[in-house]
Amino acid sequence: MIHRGDPGAAGRSRALVAPGRGAPRRPDAPPDSLPPEDRPVLAELMRIGHAEDMELFAGLPAAHERERARALPSRGFAHMTEEGLAEFFEAYIRLPHEHAHRREDAPPGARPVHIRLFTLPAGDG
């Protein structure tokens, strides 16, 4: 499997490509949607991605001190159904397509920024 992404793309752009096995799959595809032999690859890609995210997160306080306009933390808590959370997630995923620019089309003053979202169940429900 090959982890393919376009660093200059706006929005979600990563995909897993299994040479000779058809269409690319998104990294957030359920593991049981992959053939058993590909699941360890997905698990390793997720582990690497999470480690990279933790490094970025660790740098947030210093980045916020240097550049408050571009290092914007946010926290929240809500009660959501699975369907509501799925809708929220997809709406969030659409936002870069509405507000981001490709590198070659970016207006003056535009800079690359890392954007992350994760949700975690809180408590027992």
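Could you check the simple spin-label distance between D53 and R75, using points 7 Å along Cα→Cβ, in nm with one decimal?
Placing both labels 7 Å along Cα→Cβ, they lie 1.8 nm apart.
Under the Karplus relation 6.51 cos²θ - 1.76 cosθ + 1.60, θ = phi - 60°, what is the ordered set of whole-Hz ³J(HN,Hα) values for segment 95-107, x standing for Gly and Pro?
Those phi angles translate into 4, x, 5, 8, 10, 8, 10, 6, 3, 6, 10, 5, x Hz.
Run the quick spin-label model on A43 and H114: label points 7 Å from Cα toward the beta carbon, then report their separation in nm to one decimal.
Once both label points are built, they end up 2.5 nm from each other.
Bear in mind that the values in this text are calculations on the coordinates, not laboratory data. Keep in mind it's a predicted model, so treat the numbers as computed, not measured. Because the Cβ atoms are built from the backbone with ideal geometry, glycine has one as well, and the counts that use them run over all protein chains shown.
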